[in-house]
Amino acid sequence: MTLLHRVLLPALAAGLLGGAGHEGASSSAFLQPESAPWVAPGPRSVPDTVRTATRTGTPLTLSLPDALDGRSVARYSLLRGPALSGVAGRSFTWIPEGTAPGVHHALLRAESTNTSPDTLVVQIRLRP
């Protein structure tokens, strides 16, 4: 990589991420630290998060909240999650077969009547 590329590429990236075309939005809204939840910024700063733990090889069944932010949840759907995970009614299930220990996440869409959908993050600590 030439010196010109080393100078221009970061400047170009900073210009593109600097909010060009995003009136009223600060560039920090588009750059999240790694410790932040992996959800796009929305009206609220932090999505609702449910934390749980299980051991490797032990199936997990988790009851999901009836309400988020004081609004009753009509249904949940899985947007993104680990392999062998799913949602049925108000239950999140996961079979962590062959999954390495650590922290894993699932992203769920919580739909309520007469309001916009909300986001729920399920954070699972998988222990050996």
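Miscellaneous remarks
- Failed criterion for A83 (all others in (1) surrounded by 14 or more Cβ atoms within 10 Å (Cβ to Cβ); (2) under 17 Å from the mean Cα position of the chain (by Cα) hold): (1)
- Residue within region 55-62 that is at pLDDT 90 or above, in a strand (DSSP E or B), under 12 Å from the mean Cα position of the chain (by Cα) and not charged (D, E, K, R) present: no
- Subset tally (residues that are surrounded by fewer than 19 Cβ atoms within 10 Å (Cβ to Cβ) and of a type in the set (A, V, I, L, M, F, W, C)) for region 91-120: 4
The values are calculated or read from the model by the stated rules, or taken from the named source; none is laboratory data. Predicted, not measured: the structure shown is a model, and the values here were computed from it. Heads up, the Cβs are rebuilt from the backbone with ideal geometry, glycines too, and the neighbour counts pull from every protein chain shown.
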